[in-house]
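K.L.:
This is the structure I have questions about; it appears just below.
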Amino acid sequence: MFPKLFFLLSSQWQLSEELIKYASPNAEAMLRNGHAPHPGEIMRFPELANTFKLLVEKGKPGFYTGTVAESIVDLISSKGGVMTKEDLASHKSTFVDPISIDYKCVTLFEVGLENLTISSRWGLT
């Protein structure tokens, strides 16, 4: 379908193998026998699928107060971070209308300026 895209994604994944292994105790769930997949290889993510099922069943509380929140806090704590379950439970999301611009017969959308990453802001200057 998009061979160049698959090659690019696979290359970036391969370059990130060590970071994935360091950052996550569940690195094996994101790698195949300790390595990133090559273009054309099929990966399955049953743990991620289970997380999505939980979110469908329990909504936001399933993420911000349940076992997903516990896993997030445990991982961050294991890396020296200070997030607590209370931090996640008290989180409030803000939804904003996207900004847009017409460019070469397409409309490009981006979240409002208050939510842009620094790289997105640079792209707009």
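K.L.:
Within the range 19-37, identify whether any single residue is closer than 23 Å to Phe7 by Cβ, touching a strand residue (DSSP E or B) at 6+ places or on another chain (Cβ under 8 Å) and assigned by TED's automatic domain parsing to the domain that holds Leu8, and answer yes or no.
P.N.:
No, the range 19-37 contains no residue that is closer than 23 Å to Phe7 by Cβ, touching a strand residue (DSSP E or B) at 6+ places or on another chain (Cβ under 8 Å) and assigned by TED's automatic domain parsing to the domain that holds Leu8.
K.L.:
Looking only at the range 45-78, which residues are more than 18 Å from the chain's Cα centre (by Cα) and either not in a helix (DSSP H, G or I) or not assigned by TED's automatic domain parsing to the domain that holds Ala23 (or both)?
P.N.:
Initial filter on the range 45-78 (more than 18 Å from the chain's Cα centre (by Cα)): 57-58, 61, 65-66, 77-78.
Thr65, Gly66, listed by residue number.
K.L.:
Cβ-Cβ under 7 Å, sequence separation 6+ or interchain: first residue in the range 20-48 and free of Cβ contacts under 8 Å to residues at least 40 places away in the same chain, partner loosely packed, with under 14 Cβ neighbours inside 10 Å and part of a loop (DSSP other than H, G, I, E, B). Which pairs?
P.N.:
Final answer for the pair search is Ala29/Phe45; Arg32/Glu41; Arg32/Met43; Pro37/Met43; Glu47/Asn26.
K.L.:
Next question. In the range 70-88, how many are among the aliphatic types (A, V, I, L, M) and closer than 15 Å to Ser24 by Cα?
P.N.:
So in the range 70-88, the residues among the aliphatic types (A, V, I, L, M) come out as 72-73, 75-76, 82-83, 88.
Remaining after also requiring closer than 15 Å to Ser24 by Cα: 72-73, 75-76.
Here the count works out to 4.
K.L.:
Please determine whether any residue of the range 83-106 is within 30 Å of Ser11 (Cβ to Cβ) and within 18 Å of the chain's Cα centre (by Cα).
P.N.:
Within the range 83-106, not a single residue is within 30 Å of Ser11 (Cβ to Cβ) and within 18 Å of the chain's Cα centre (by Cα).
K.L.:
Say we look at the range 65-96 and pick out the residues that are basic (Lys, Arg) and exposed (fewer than 14 other Cβ atoms within 10 Å of the Cβ); which of these is modelled with the lowest pLDDT?
P.N.:
In the first step, residues of the range 65-96 are kept if they are basic (Lys, Arg); the result is 79, 85, 92.
Subset that is exposed (fewer than 14 other Cβ atoms within 10 Å of the Cβ): 79, 92.
Values: Lys79: 88, Lys92: 84.
Residue satisfying both the conditions and the ranking: Lys92.
The values are calculated or read from the model by the stated rules, or taken from the named source; none is laboratory data. Everything quoted here is computed from the prediction, not taken from an experiment. Please note: Cβ atoms are built from the backbone with ideal geometry, for glycine as well, and neighbour counts cover all protein chains shown.
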